[in-house]
1. Relative contact order of the chain: what whole-number percent is it, with Cα pairs under 8 angstrom and at least 6 residues apart?
2. Please list, by residue number, everything in the stretch 42-85 whose backbone N is under 19 Å from a paramagnetic label point 7 Å out along Cα→Cβ of residue 4.
3. Hey, with R₀ at 35 Å, roughly what FRET efficiency would residue 223 and residue 298 work out to, going by the Cβ-Cβ distance, to 0.05?
4. If you stretched the chain out fully between residue 186 and residue 37, how much longer would it get, using 0.36 nm times the residue separation minus the C-alpha to C-alpha distance?
5. Would you work out which of 74, 102, 92 lies farthest towards the positive end of the dipole of the stretch 60-109, given +1 charges on the beta-carbon of Lys and Arg and -1 on that of Asp and Glu, about the Cα centre?
6. Say R0 is 45 Å: what FRET efficiency, to the nearest 0.05, do residue 112 and residue 237 get from their beta-carbon distance?
7. Kindly state, to the nearest 0.05, the FRET efficiency for residue 193 paired with residue 58, given R0 = 45 Å and r defined as their beta-carbon distance.
8. Please work out whether the stretch 243-292 counts as rounded, prolate or oblate from its C-alpha gyration tensor, where a ≥ b ≥ c are the square roots of the eigenvalues and a/c under 1.5 means rounded, while otherwise a/b larger than b/c means prolate and anything else oblate?
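Please treat every number below as a calculation from the coordinates, not as lab data. Bear in mind that the values here come from a model prediction, so they are computed numbers and not experimental data. Neighbour counts are summed over all protein chains in view; Cβ atoms, including those assigned to glycine, are modelled from backbone coordinates with ideal geometry.
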Amino acid sequence: MYQNRKVVVAGATGSIGNKLCKLLKESGYEVTVFSRNPENARLKVPYASRYVEFNYEKPGDWSKEIDGSMGVINLSGAPVFKRWTKKYVREIIDSRVQSTKALVDGIRSAKNRPRFLINASASGYYGYEISDDNVVTEATPPGNDFWGKLVTEWEAQAKKAEEMKVRVVMIRTSVILSRGEGALGKLEPVFRRNLGGYVKPGTQWFPWIHVADEISLIKFAMENDFVRGPVNASSPNIPNMKQFALELGRTMKKRGNMAIPPFLIRLLIGKGSSVISRGRKVYPKAALDNGFRFRFPDLGTALDDLLS
């Protein structure tokens with residue numbers, strides 16, 4: 001039988017996972033964390049009932065934890081905003097695709113299968129080979145660049161759980177704004193030195209979401225059976241890159257109008273630079289159509305909350 005409040009969370013030690021596990025515990029759920037290093041996870045995420053070793057490269061006792069659980073949330077994925085080497089590119093791919101494949105295999109082997117799989121995804125699904133003013137919704141086809149192909153394969157692995165009558169939701173996340181972490185964590189020190197600015201030309205879109213809305217959207221998808229398929233996790237109010245930089249400068253009382261050549265960003269983080277140098281106008285149609293309400297729909301309010 002189902003342990004109706006038990007939720008398995010893989011990839012819980014990241015920014016989203018930590019905050020999500022806290023929210024789930026506060027909401028009365030029993031959280032089981034899957035991690036390569038359970039002891040480290042216990043220190044980083046002190047909100048779970050159990051900490052289980054999970055290695056997507058080999059079978060293990062972790063698969064037994066899926067049996068009888070209410071659902072699985074997979075947030076696994078190596079960070080994007082780091083310098084990309086050939087080895088790290090492989091890690092970016094495998095930490096997403098292979099971890100999802102392993103978890104779906106675990107679902108397949110369960111006698112009492114979970115009701116849902118909420119799987120991390122990315123707005124990179126739509127690709128960055130073009131950067132135009134067309135609104136991108138969940139119905140927009142995938143891109144043909146590195147990100148488009150990677151996310152398509154990532155989601156394909158998650159969708160296999162549907163063959164077992166498991167409800168699958170793919171959260172296509174844009175740039176998450178969280179203090180001291182991710183993109184904002186990289187930008188804050190630069191802006192503090194009064195060297196803040198935007199990646200040229202500045203007219204490219206900058207889809208973003210406050211971390212509080214990200215975890216609320218995941219919980220919303222988890223708790224509502226009518227939510228299925230891809231869901232864009234992006235604020236409904238989308239600035240361009242220059243507008244974002246100027247707003248961040250305003251919030252921090254620093255300049256934000258320096259024009260930065262794209263090649264400098266490529267030198268720092270390689271292929272990952274396309275996320276901010278060639279952004280798409282990603283709109284959260286599915287989230288809004290399903291009745292989700294953003295707490296921070298406006299950039300200014302979000303930055304004030306995060307940086308005040």
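1. 18
2. 67-72
3. So, using R0 = 35 Å, E works out to roughly 0.85.
4. The residue 186-residue 37 span can extend by a further 51.1 nm.
5. Highest projection toward the positive end goes to 92.
6. 0.60
7. 0.50
8. oblate
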